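Heads up: the structure comes next, in structure tokens.
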Amino acid sequence: MRFPRSSGVLLHPTSLPGPYGIGDIGPEAHRFVDQLVSAKQGLWQVLPLGPTGYGDSPYQCFSAFAGNPLLISPDALVADGLLTAADLADAPSFGDGPVDFGWVIPWKQALLARAADRFVANRAHPLHAEHSTWCDRHASWLDDFALFMALKDAHGGAAWNAWDRALRCRESGALAAARLANESGVQRHRALQFFFSRQWGALRAHANGAGVSLIGDAPIFIAYDSADVWSRPELFHVDSQGQLTVVAGVPPDYFSETGQLWGNPLYRWDVLASEGYAWWIARVRALLETVDRVRLDHFIGFSRNWEIPAGAEDARTGRFQPGPGAELFHALERALGELPIIAEDLGVLTPEVEALRDRFAFPGMRILQFGFGGETNSQFLPHAYVPNTCVYTGTHDNDTTAAWYASATEAERTHLARYLGRDVRESAWDLGQLAQASVADTCVLPAQDLLQRGGEARMNFPGRAVGNWSWRLKHGELEAGAWQRLAAMTDLYGRALPK
């Protein structure tokens with residue numbers, strides 16, 4: 001699908017400033033939309049919005065359908081009469097530094113539970129009719145998810161494969177008893193999902209009303225410890241006891257002699273196909289009810305994926321297995337119409353992957369940091385782009401551009417200066433200018449690069465299990481000067497948000 005020439009910013013909501021230790025989708029998110037508009041930006045790209053677990057990664061969520069309660073705004077709950085000013089009066093002094101998940105999570109979970117329990121108990125609350133309708137509409141995933149989360153709470157957070165066999169294998173009697181025994185927890189999680197959906201819907205309406213489209217992110221694989229695998233194990237490569245038989249990863253390559261062992265369950269594509277890919281249709285439909293475009297992570301995996309035996313020490317013992325290919329996307333198109341998908345096609349591209357991407361006119365991704373210091377015909381250099389492309393200076397998995405340049409080789413620095421036709425002055429803005437000036441229809445710049453921030457602002461270190469996803473903007477850090485400069489650049493290269 002071809003998108004209009006446009007520009008935007010990559011910033012996950014957890015990175016917004018605010019008084020509660022973690023960015024949320026309340027007032028600061030609405031203010032960020034207004035700042036995007038002031039800078040003539042038509043796009044806001046976020047990371048996956050699902051509920052996170054150990055490691056706090058938005059790419060390892062408890063559900064492919066649910067929202068992350070940590071993003072719920074306490075201020076919006078006060079406006080809805082579900083919290084009071086007194087509830088927030090004893091909030092810790094989190095400051096405006098990086099997210100300290102170990103500190104934030106217990107405090108915010110307790111606060112949200114208080115709001116949810118009040119809501120459930122107060123049948124006269126004016127939002128109850130809306131809540132009931134919303135729960136009925138989303139019952140296909142919500143009922144299993146709410147029970148799954150209530151059972152995790154009851155088991156001290158243990159993964160579902162550590163539960164009693166009857167629950168692990170979803171025996172009907174055990175499930176019925178569990179729903180009764182954990183009714184309050186089930187109702188709490190249903191309420192939290194309603195709160196998230198309502199707040200996100202208000203934010204999306206604000207953005208869309210101002211001309212800003214939201215770009216979401218969908219990992220191809222989902223977490224093993226998720227409501228999706230627990231509730232539909234037949235769709236994944238797990239045995240009769242729910243244990244993994246094979247897992248996802250990537251083979252050894254130039255970057256890693258042992259490959260990458262991700263550990264996610266792999267799909268039984270034959271079973272999904274026999275059901276008309278209904279699960280994937282439901283997943284993409286839910287995404288498109290949340291965002292306007294979807295970045296489909298690890299697009300290569302839809303052509304073929306690296307299957308590794310469960311329990312392997314690394315990825316070397318894996319083998320390639322075919323993915324669903326065009327059949328899946330034809331099914332999605334029949335059900336949903338033209339697909340506003342961005343293909344994350346980074347990695348070793350085969351002719352089959354390129355053909356699959358181009359068959360459906362999905363724009364691929366180009367990362368400017370990857371273009372310098374090597375061959376002059378690199379696909380990541382702007383002169384090699386085609387219009388149906390999304391260009392980034394860097395992504396959440398790369399260092400910031402300023403940090404990249406600080407550690408760049410002499411060959412990379414020389415190549416960049418020659419490409420610019422002048423000395424490098426501000427590496428992040430210099431690469432940003434190359435991205436904006438390119439023929440790529442879509443240009444997205446990480447917020448860190450607008451600030452010329454260094455490695456302290458990096459969002460994720462792939463392969464590092466903890467200590468990621470914590471960077472936050474400080475209050476007043478991204479203000480008029482940077483926005484005005486971005487607006488001027490966006491205007492110059494014909495990407496400005498239409499008036």
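The values are calculated or read from the model by the stated rules, or taken from the named source; none is laboratory data. The structure presented is a predicted model; accordingly, all values stated were derived computationally and were not measured. With ideal geometry, Cβ positions are generated from the backbone for all residues, glycine too; neighbour counts draw on all protein chains shown.
From the list A181, A205, A223, exactly one residue is among the aliphatic types (A, V, I, L, M) and either in contact (Cβ under 8 Å) with a residue 60 or more places away in the chain or closer than 24 Å to D87 by Cβ (or both). Which is it?
Checking each option against the conditions leaves just A223.
For region 171-186, name all the residues that are surrounded by 16 or more Cβ atoms within 10 Å (Cβ to Cβ) and either part of a loop (DSSP other than H, G, I, E, B) or polar (S, T, N, Q) (or both).
Within region 171-186, just N182 meets the criteria.
Does region 206-228 contain at least one residue that is farther than 30 Å from A496 by Cβ, within 25 Å of the chain's Cα centre (by Cα) and in a helix (DSSP H, G or I)?
Yes, the conditions are met somewhere in region 206-228.
Could you please find all residues in region 400-442 being touching a Pro at 6+ places or on another chain (Cβ under 9 Å) and hydrophobic (A, V, I, L, M, F, W, C)? Write out each step before concluding.
Filtering region 400-442 down to residues touching a Pro at 6+ places or on another chain (Cβ under 9 Å) leaves 400-401, 419, 428, 434-435, 437-442.
Correct list: A428, L434, A435, A437, V439, A440.
Please go through region 229-274 and pick out each residue that is of a type in the set (V, I, T), assigned to a helix (DSSP H, G or I) and farther than 22 Å from P58 by Cβ.
Keep residues of region 229-274 that are of a type in the set (V, I, T), which gives 229, 238, 245-247, 250, 258, 271.
Those still in the list that are assigned to a helix (DSSP H, G or I) too: 229, 271.
Across region 229-274, the qualifying residue is only V271.
For region 200-211, check the following and say yes or no: at least one residue is at pLDDT 95 or above, surrounded by 15 or more Cβ atoms within 10 Å (Cβ to Cβ), closer than 21 Å to V120 by Cβ and not aliphatic (A, V, I, L, M).
So far as region 200-211 goes, yes, one or more of its residues are at pLDDT 95 or above, surrounded by 15 or more Cβ atoms within 10 Å (Cβ to Cβ), closer than 21 Å to V120 by Cβ and not aliphatic (A, V, I, L, M).
Yes/no per residue for (1) under 16 Å from S15 (Cα atoms); (2) over 22 Å from the mean Cα position of the chain (by Cα); (3) surrounded by 19 or more Cβ atoms within 10 Å (Cβ to Cβ); (4) modelled with pLDDT under 90:
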residue: P446; (1), (2), (3), (4): yes, no, yes, no
residue: L450; (1), (2), (3), (4): yes, no, yes, no
residue: E479; (1), (2), (3), (4): yes, yes, no, yes
residue: Q484; (1), (2), (3), (4): no, yes, no, no
residue: R495; (1), (2), (3), (4): no, yes, yes, no
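I want to confirm something. Restricting to region 363-378 and keeping residues that are polar (S, T, N, Q) and more than 27 Å from H12 (Cβ to Cβ), which single residue is surrounded by the fewest Cβ atoms within 10 Å (Cβ to Cβ)?
N377
Please enumerate the residues belonging to region 342-351 that are out of contact with any helix residue (DSSP H, G or I) (no Cβ under 6 Å at 6 or more places or on another chain) and surrounded by 15 or more Cβ atoms within 10 Å (Cβ to Cβ).
I342, L346, L349
How about region 458-479: which of its residues are without any contact (Cβ under 8 Å) to a residue 12 or more places away in the chain and either among the acidic types (D, E) or under 24 Å from A435 (Cβ atoms) (or both)?
F461, E479
Kindly indicate which of A218, A207 is in contact with a Ser or Thr (Cβ under 8 Å, 6 or more places away or on another chain) and aliphatic (A, V, I, L, M). Talk me through it step by step, then tell me what you get.
On the way: A218 fails: in contact with a Ser or Thr (Cβ under 8 Å, 6 or more places away or on another chain).
Only one candidate qualifies: A207.
On the basis of being among the aromatic types (F, W, Y), modelled with pLDDT under 95 and surrounded by 14 or more Cβ atoms within 10 Å (Cβ to Cβ), does F94 make the cut?
yes
Tell me, which residue of region 396-430 that is among the polar types (S, T, N, Q) and under 30 Å from P13 (Cα atoms) is surrounded by the fewest Cβ atoms within 10 Å (Cβ to Cβ)? Don't jump to the end; show me each part of the working.
First, the residues of region 396-430 that are among the polar types (S, T, N, Q): 398, 400-401, 407, 409, 414, 427.
Going one step further and asking which of them are under 30 Å from P13 (Cα atoms), we end up with 398, 400-401, 407, 427.
On the way: N398: 19, T400: 27, T401: 28, S407: 9, S427: 22.
It comes out as S407.
From the list F360, F329, F299, which one is surrounded by fewer than 20 Cβ atoms within 10 Å (Cβ to Cβ) and aromatic (F, W, Y)?
F360
Collect the residues in region 262-285 that are free of Cβ contacts under 8 Å to residues at least 24 places away in the same chain and not small (G, A, S), keeping them in residue-number order.
Hits for region 262-285 are D270, E275.
Which of (1) out of contact with any Pro (no Cβ under 6 Å at 6 or more places or on another chain); (2) over 28 Å from A210 (Cα atoms); (3) in contact (Cβ under 8 Å) with a residue 12 or more places away in the chain does L445 not meet, given it meets every other one?
Result: L445 passes all but (2).
What single numbered condition from (1) part of a loop (DSSP other than H, G, I, E, B); (2) closer than 25 Å to H12 by Cα fails to hold for P387?
With (1) part of a loop (DSSP other than H, G, I, E, B); (2) closer than 25 Å to H12 by Cα applied to P387, the lone miss is (2).
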